[in-house]
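Worksheet: the structure to be examined is printed underneath.
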Amino acid sequence: MAIPTGKLPILPLRNLVLFPGLTQAIRVGRERSLVAINHAEESGGWIVAVQQKESTDKLKDRDKDRSVEPADIYTVGTLCRLESVKGKPEHGMHVVVRGFQRVLLNEVVV
């Protein structure tokens, strides 16, 4: 299996760190995250999972569904392969991802 290089979609994670070798089910509901999942499905199933700096608890007083900006995520993430995607975007998707290796984000393009 060839490991991809170059630009890949990013999946910001709240309250979860995904490590290489770990398979994890994740509920995805934010619009940009759904777009990232769709893009990953169309381009070979690869996505980069990166932890978001602020936890959900800290966002309760603000809009939890606001867009994640590049400054909101860490620069080290995990290259993942989509194992399965179920559900409908309007109700949130359930995805299973498998972590392969750590990656350093050189640039985040919104």
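The values are calculated or read from the model by the stated rules, or taken from the named source; none is laboratory data. Because the structure is a prediction, the values reported are computed rather than measured. In this analysis, Cβ positions are derived from the backbone assuming ideal geometry, glycine residues included, and neighbour counts consider all displayed protein chains. Each accessible area value is taken on the protein alone, full model and side chains, heavy atoms only, with ligands, DNA and RNA left out. Shrake-Rupley method; radii C 1.70, N 1.55, O 1.52, S 1.80 Å.
Annotations
- Accessible area of the chain belonging to carbon and sulfur atoms, whole % at 1.4 Å probe: 49
- Among the protein heavy atoms, those of Val35 account for about 90 Å² of accessible surface (1.4 Å probe, every chain in place).
- Gyration tensor analysis over the Cα atoms of the chain returns equivalent ellipsoid semi-axes of 20, 17, 13 Å (largest first, whole Å).
- Contour minus Cα-Cα distance for His39 and Ser84 (0.36 nm per residue): 14.8 nm
- Backbone phi angles across region 23-36, fed through the Karplus curve with coefficients 6.51, -1.76 and 1.60 (θ = phi - 60°), yield HN-Hα couplings of 10, 9, 8, 9, 8, 10, x, 6, 4, 5, 5, 5, 5, 4 Hz in residue order; Gly and Pro are listed as x.
- Taking Cα centre as origin and charging only the Cβ of basic (Lys, Arg, +1) and acidic (Asp, Glu, -1) residues, the dipole magnitude of the chain rounds to 240 debye.
- Accessible-area value, Val85, 1.4 Å probe, nucleic acids and ligands omitted, Å²: 40
- Using just its DSSP H runs of length 4 or more, each adding -39500 (n - 2.57), the chain gives a mean residue ellipticity at 222 nm of -4000 deg cm²/dmol after division by all residues.
- Surface accessible to a 1.4 Å probe, per residue, for the residues of region 1-48, Å²: 58
- Farthest toward positive dipole pole in the chain [+1 Lys/Arg, -1 Asp/Glu at C-beta], among Pro4, Val109, Gly77: Gly77
- By average C-beta atoms within 10 angstrom, highest first, the peptides 8-14, 20-26: 8-14, 20-26
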